[in-house]
1. Farthest toward the dipole's positive end in the range A:2-218, which of A:Gly31, A:Met181, A:Gly6, given Cβ charges of +1 (Lys, Arg) and -1 (Asp, Glu) about the Cα centre?
2. Take the Cα coordinates of the range A:2-218, assign each an equal point scatterer, and use the Debye formula without solvent to give log10 I(q)/I(0) at q = 0.08 Å⁻¹.
3. With θ taken as phi - 60° and the coefficients 6.51, -1.76 and 1.60, list the Karplus ³J(HN,Hα) couplings across the range A:58-69 in order, rounded to whole Hz; mark glycine and proline as x.
4. Around A:Gly62, under 12 Å between beta carbons, what's the net of Lys plus Arg minus Asp minus Glu among the other residues?
5. If the range A:101-170 were replaced by its equivalent ellipsoid, with semi-axes equal to the square roots of 5 times the Cα gyration tensor eigenvalues, what would those be, largest first, whole Å?
6. Step through the residues of the range B:85-94 one at a time and calculate ³J(HN,Hα) from phi using the Karplus curve (6.51 cos²θ - 1.76 cosθ + 1.60, θ = phi - 60°), rounding each to whole Hz and writing x for Gly and Pro.
7. Once amide H atoms are built 1.01 Å from N in the peptide plane, which residues 5 or more positions from A:Val211, or in another chain, come under 5 Å H to H?
8. GNM on chain A, C-alpha springs below 10 Å: top fluctuator among A:Gly208, A:Gly27, A:Gly266?
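Laboratory data are not the source of any read-out in this text; all were calculated from the coordinates shown. Bear in mind that the values here come from a model prediction, so they are computed numbers and not experimental data. All Cβ positions, glycine included, derive from the backbone under ideal geometry; neighbour counts span all protein chains shown.
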Amino acid sequence: MIEINGLTKKFGNLVAVNDLSFRIERGDAFGFVGPNGAGKTTTIKMLATLLPPDGGSATVNGHDVVKEPEAVRACIGYMPDFFGVYDDMKVWEYLDFFAAAYRVAAQKRPQLIRDVLELTDLSHKRDDYVDALSRGMKQRLCLAKTLVHDPDVLLLDEPASGLDPRARIEIRELLQELVKMDKTILISSHILPELAELCNKIAIIEGGKLVLAGDVKEISSQLAGGLKLIIRTSDRLEEACRFLAERPEIASAELGEGCIECVYRGPEGQQHSILTCLVQAGFPVQSFSEEEADLEDLYMRLTQGMGS
Amino acid sequence: MNAAIEAGLYRAFRLNPCVAVHELRLRMRGWRPFGVLLVYSCIATGAVLIALIPLTLGRRYFGTEFFQVGRIAFATLAHTQLTLIMLILPAYAAGAIALEREKRTLEMLRATLVTPFDVVTGKLVVVLAFGATLLISSLPVAAWCMMLGGIAPDEVFYAYSFLLTVALFVAALGMMCSAVMKRSMGAIVSTYGILIALGVLSMVVPGILMIPMMSSSGTAAFGPIAAFAIVLVMALVTGWLVYLVVRAVLRRLLGPVRALLAALLAVLVALVWMWFLISPSGVVFKAVENSQIPWLMALNPYAGLSSVMGGVIAEMLAYGPGGPMSGRASPPTALIWAVITGLYLLAGAALWAGAVKAFGRRGY
């Protein structure tokens, strides 16, 4: 769906993006993470055909961003990190304008506008002026605008930046809805817990270079040296911890706050054998779970804050 | 817009009219366009009335017979409109692209399927449509002038078509500056700067440069197209230099709002000064008239308007440097009109194409 090979962009002496390569498959929600000035926005702009690359290549849906910019634009929805809105323009007019800009036939536009307004929960604001909307609503409207031509790929640059917690949650829910609609999403953000909930893949970039890219769970598992399990018992917690530490599949087991935190290094998908052993040994297990990938921890470990 | 019209425009010209529709919505909404239209009509009508005041004081009007009063009234109306068009349209056109760049709305637009041709043409058409609306609003006054006598319908046509061509030229110039400049203020100042330079240089420079190039027969050595190109290039260079100086000074001295006001005031003063220089009693007008390069003088918007309306310069064009007594064959007024408006039309089209190219290169 999106393939980047050795992509490079220079501004004078500054190398904003340096030999960047990764691949995003159809239906992926791809988190693009990095400190300020890392090259995220530059990369997204090159994919949106707004900046010509100085080296390497990038394709979207099989179309080269340099050779076939029109074909690329037809299949992407682009939302910039900062954007302005037109004064004296109503919400439906704004969407109608962008639908026309994507050459959506005039007779199809009214229904399309109704659909995207409903999806973004802005139906009640249809006849309001755009500049009178709140920041969160403008952000949702911008997202609605990126959907008017039903693109396969969404390039979202910091879609939740500057929003209050409620507006962030609304945007996140909307993005989760889009993931369910099988859209391929490339999203850059600083709000890592949100990316962890939304994305199945991430790329970490710093100083224009790719630090790491791949499946979120696999990466965090590799970095932790295994899969992190959280186990709670109603009694005999210390004894259970010692029992686990002796198991060959467990790399380490430590007591946490009312729980045992252990790293599983056994065969993939066989974590349940640990639970079976604990129950058979008579430990009163209350809960047994995998810890969600901690992107923040990952991010801090992999980046050095060069760009910040 | 009707789906069939939209599809037809795209099939015929590869033009997506969405930008034009969008601009019309933005520009024609609210009280501003109507306010401008009202002020425009009041000034144009007021100028005609002021010009006719002496008529009420006696039968003779600056030594002019009564049958020429209608002609004077219409000339006043046309020249006032030319001034207003050159004052109003640059502000509309020069901000069209640069303002979007400043407000960060252009980036999203460039990521869609609209082309630089769609954007520049859509915006230019709307600015031109507004200019045409202003001109049309004065037609009742023109009709009243015709009732006073001394004006033929074809002269009204020549004058109005010339004004419309100047509107295209000014709008395309503004669009070009808007596509090239990063900031709207820079685009506006440079557009006014180039216009002032064009007005002044089309009078002063040819007079200085062309005198040694006159052939022994007393006619200009260059044809009108070559001469117009020389003047245009000089105006562009001078306008650019003027803009650089104004910008450098204002940025150091003032904040952005005061700098804009000061720049506008400077442009107004410069326009008044230009008018003083090239008015029939002005020093420059007389100097250039004496140097007998009427075609080049006609390239000045005011002199051009006078020419297509059969003024002093038209007489010189018609009879040659020797005046009516020279015995030369006179070209018809239609030819003079065709050459002068054609030159403005060509320049406008070239600037339009340049703006499309510049916008495509510069991007958002």
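1. A:Gly6
2. The calculated log intensity ratios at q = 0.08 Å⁻¹ are -0.27.
3. Couplings: 8, 10, 10, 6, x, 9, 6, 5, 8, 7, 10, x Hz.
4. Net charge in that neighbourhood comes out at -2.
5. 22, 15, 10
6. Taking θ as phi minus 60°, the curve returns 4, 6, 8, 7, 5, x, 5, 5, 6, 5 Hz for the range B:85-94.
7. A:Ile204, A:Ile205, A:Glu206
8. Highest fluctuation of the listed residues: A:Gly266.
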